[in-house]
Amino acid sequence: MENEVNRTAMSIRLTSTLILFAAVITAALGAPMKKPDIKQNARPTMRYALTVTVDRAPGPFDAVSGSVDYKVSNGHCVPLTPISGATVAPENHAAIALTRVSEHVYTGTIYADLMQDEDYYGMGVCHWLAVAAAATFKINAVSFSPAISLDEIVAQKSVTRFFSNRSYLSAEKGSTDILPVDTGESSTSAYKPELQGQLFSITLSAKEAFQ
């Protein structure tokens, strides 16, 4: 009888401990994570001039736009997400205007330090990093969207992506048989030999223009 009582008491203590542990975990991870007010630098200085050149496109595009993706580089400044307990670094997608300066050339401005480093979560300063810039040339529901990485921007390199004329014409006709976003290929050899003479290219070039 005494052993049975002891086992019952131990079971109760274990259950209570588990309930308390679950409550602590829920309090730590279950509360919604505060969404901070992400800010932009009032006077960014790391400026790069972006030039986008289109070569041999079969026709015009409905719309042309640009963008830069940013991400927090030090995840320890961000609290754990509810339930999963993982750290997810905040990201931000900023539009950039692309101005047409000639029939086939567009220009825009990239700021590598556009996002403001700040203690957004009360866990230390979050440091933002530009990840890549992209140009998007749209036809109906299809976007031809080459990108240039931060490393390539800082090195002031040019990146050329090749696209199929067939994809352009399919997009122009409103075909649903192609992917909505085409990022192109880095080499013409990625296409079948019979298609390599039926390609157009989009080149992104970056040049430092610090203020």
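Since every read-out is calculated from the coordinates, none of them should be taken as a lab result. Predicted model only: the values in this text are computed from it and were never measured. Please note: Cβ atoms are built from the backbone with ideal geometry, for glycine as well, and neighbour counts cover all protein chains shown.
Classification of segment 47-208 by its C-alpha gyration tensor yields a prolate form. The axis ratio a/c (a ≥ b ≥ c) is 1.5 or more, and a/b outweighs b/c. In this structure the amide hydrogen of residue 181, modeled in the peptide plane, comes within under 5 Å of the amide hydrogens of 143, none closer than 5 places in sequence on its chain.
For segment 69-75, the Karplus equation 6.51 cos²θ - 1.76 cosθ + 1.60, evaluated at θ = phi - 60°, returns couplings of 9, 10, 8, 6, 8, 10, x Hz by residue, with Gly and Pro reported as x.
The loop-placed GluC sites (Glu not before Pro) in segment 54-121, going by DSSP, that have at most 14 neighbouring Cβ atoms within 10 Å of their Cβ come out as 103.
Residues whose amide H lies under 5 Å from that of residue 109, counting only those 5 or more places away or on a different chain, are 50, 97; hydrogens are built 1.01 Å from N in the peptide plane.
How high is the FRET efficiency from residue 196 to residue 42, r the C-beta distance, R0 41 Å, rounded to 0.05? E between residue 196 and residue 42, to the nearest 0.05, is 0.25.
On the beta carbon distance between residue 157 and residue 129, with R0 = 22 Å, the FRET formula returns roughly 0.75.
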